[in-house]
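Participant: Here it is: the structure, laid out below.
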Amino acid sequence: MWAGGYEIDLVVRRGRRVVFCEVKSKGGSGHGDPLEMVGDEKLRRLERAATSWLASQPALVGLDVALEVIAVRAGRLERIDVAL
């Protein structure tokens, strides 16, 4: 989905927490690590997208918000929390 001109891969709500996720994978071990594709600029864009999306969802005001990167490695998912 797109918000504020930026892409959001996944938005998840569980109780009072809303998590915005960037999902990355690579084609195999010879192609490097998925996290190499997530730098400071990508995280800034994710934060801007999250801010824009939340502004369009007044019912969610006051919920806890988090950013995460999901790395797909060898068919397994690894969550990495990102400080706001």
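Participant: Can Asp40 be described as of a type in the set (D, E, K, R) and within 13 Å of the chain's Cα centre (by Cα)?
Facilitator: It is true that Asp40 is of a type in the set (D, E, K, R) and within 13 Å of the chain's Cα centre (by Cα).
Participant: Search segment 18-36 for residues being of a type in the set (A, V, I, L, M, F, W, C) and at pLDDT 80 or above, and hand back the single one that is surrounded by the fewest Cβ atoms within 10 Å (Cβ to Cβ).
Facilitator: Val23
Participant: Can you confirm whether segment 18-34 contains a residue that is assigned to a helix (DSSP H, G or I) and of a type in the set (Asp, Glu)?
Facilitator: Checked segment 18-34: no residue is assigned to a helix (DSSP H, G or I) and of a type in the set (Asp, Glu).
Participant: Please state which of the following conditions Gly39 fails to meet, knowing it meets all the rest: (1) closer than 24 Å to Arg14 by Cβ; (2) modelled with pLDDT of 80 or more; (3) loosely packed, with under 15 Cβ neighbours inside 10 Å.
Facilitator: Result: Gly39 fails condition (1) only.
Participant: Sort out which residues of segment 53-68 are in a helix (DSSP H, G or I) and closer than 22 Å to Gly5 by Cβ, and write them in order of number.
Facilitator: Within segment 53-68, Trp53, Leu54, Ala55, Pro58, Leu60 qualify.
Participant: Can you give me the number of residues within segment 65-83 that are loosely packed, with under 10 Cβ neighbours inside 10 Å and within 23 Å of Asp40 (Cβ to Cβ)?
Facilitator: 1
Participant: Now, a different point. Among (1) farther than 18 Å from Gly5 by Cβ; (2) among the aliphatic types (A, V, I, L, M); (3) outside any helix (DSSP H, G or I); (4) in contact (Cβ under 8 Å) with a residue 24 or more places away in the chain, where does Leu77 come up short?
Facilitator: (4)
The values are calculated or read from the model by the stated rules, or taken from the named source; none is laboratory data. This is a predicted model, so every value here is computed, not measured. Cβ atoms come from the backbone with ideal geometry, glycine included; neighbour counts cover every protein chain shown.
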